[in-house]
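One structure is given here, and the rest of the page talks about it.
The values are calculated or read from the model by the stated rules, or taken from the named source; none is laboratory data. Fair warning: this is a prediction, and the values are worked out from it, not measured in the lab. We place every Cβ from the backbone using ideal geometry, glycine too, and count neighbours over all the protein chains shown.
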Amino acid sequence: MDNTTDMDTEIAREDIGEQQLPALGLPPSKSFKEALATTRNCSYAFDSRVEILSSDEENDDVQEGHSKIQGIYPEHRGLPTISLPKKLLAKIRKPWENALILASMRSEEVDRRRIRDIVKDLVTDSPIHYPSMDLLKLLSWNCRGADNNNFKRNFVEIIRAHKPEIIILMETKVTFSKMGNFFNRLGFTASSIVDPIGRVRGIWIIWDTTQVNVRASSVSSQVIYATIHKEDYEEWVLAAIYASPNPVMRKHLWVKLEDMTENMDKPWLVVGDFNDYASQGEKRSFTSTQSSNRSQKFLERINNCNLINLGSSGPKMTWTNDRQGLANTIERLDRALSNPEWRTMFPEATVRVLLRTYSDHSPLVIYTQDIP
């Protein structure tokens, strides 16, 4: 401990703060440097080799929304360290590898309890929003047909990995009556549907009634409007979109959306397949020309509805024509938009574009809170 530098002391003082000294068994009035000098042989270092802790191998959520302590025994000292989620590490300040949290000599069990108290205090001092029961997840997917084994297998894998409470499916190519039992077995026992005509179009919203309440207010061939209620949140409106590839019908959809905007007095999320791209960078093709007029018109319609793009992580393009070589075209047709009120209500909301599976569209997962 004699070689502890002033810089180390300052890092420790700044990162931990004197308010943390009681949790370490040291009086607040004692200087931090003195505290470092008077403790021996029992140091606890926050491990810089931090990993995200998950409740199962297919879930990105931190287990139970809390930091989890793991006892690790470095070979060079034989002393325990703490593994923290990356987000907590970033909030507290880093690097920790130069800052030692010191405690007086005591039993291992007492030490472990004190470590848990320290971490709890740090979380209390710097609140961190982990995914928890308050986190709401929506899946939006143009699945290009639901009544086949490929869809069922991929759908189950997505549900297990991301655990959405609300699901929007488009271009189902089958009536819901043929799929109801399949969704019920997965826990999605309620629905609002617009069935396809023959094998064309179709929009379904299905949800887990134990987690969220959804009340459909209006349906059409291109959109379903629903009010979403979840405990501890004010109600907000969801518009599930499947815009027609026909420009005339697509224009009609936007006229209706603009009418809805004039009377919208709640937070509003608009998500789905818009069959449009917003810029030249959202289409890549060797054969077809890119229309700047089309993308400009799409942006004007978004602005007229007072909507903002929520952005996304993952693959930029969400659709492909599945052709090879120079015949291939990819575009960003699927997205999530919201009005400013919804964005204010969920300032950390994120959108993740998943890798395509058997459909020519990528699924989107919308999280109402940020994810680590």
Next on the checklist: Can you tell me which of (1) over 23 Å from residue 265 (Cβ atoms); (2) touching a Leu at 6+ places or on another chain (Cβ under 7 Å) is the one residue 368 doesn't meet?
Outcome noted: (1)
Checklist outcome for this item: Listed by range, strands (runs of 3 or more DSSP E) wholly within segment 93-182 having at least 1 residues that are at pLDDT 50 or above and assigned by TED's automatic domain parsing to the domain that holds residue 360 are 137-142, 166-170
Item to check | Check on residue 349, touching a residue at least 40 places away in the same chain (Cβ under 8 Å), surrounded by 15 or more Cβ atoms within 10 Å (Cβ to Cβ) and within 24 Å of the chain's Cα centre (by Cα) | outcome: no
Next on the checklist: Just to check your reading of the model, which residue among 201, 284 is more than 22 Å from the chain's Cα centre (by Cα) and at negative phi?
Outcome noted: 284
Checklist entry - Can you name the residue in segment 288-321 that is under 15 Å from residue 332 (Cβ atoms) and aliphatic (A, V, I, L, M) and is also surrounded by the fewest Cβ atoms within 10 Å (Cβ to Cβ) among such residues? => result 299
Checklist entry - Just checking, how many residues over segment 356-372 are assigned to a strand (DSSP E or B), of a type in the set (Val, Ile, Thr) and either modelled with pLDDT under 95 or out of contact with any Pro (no Cβ under 8 Å at 6 or more places or on another chain) (or both)? => result 1
Checklist entry - Being touching a Gly at 6+ places or on another chain (Cβ under 6 Å), of a type outside the set (Val, Ile, Thr) and either farther than 24 Å from residue 143 by Cα or assigned by TED's automatic domain parsing to the domain that holds residue 322 (or both), is that true of even one residue in segment 236-246? => result yes
Checklist entry - Which is assigned by TED's automatic domain parsing to the domain that holds residue 260, in contact (Cβ under 8 Å) with a residue 24 or more places away in the chain and touching a Gly at 6+ places or on another chain (Cβ under 9 Å), of 343, 332? => result 332
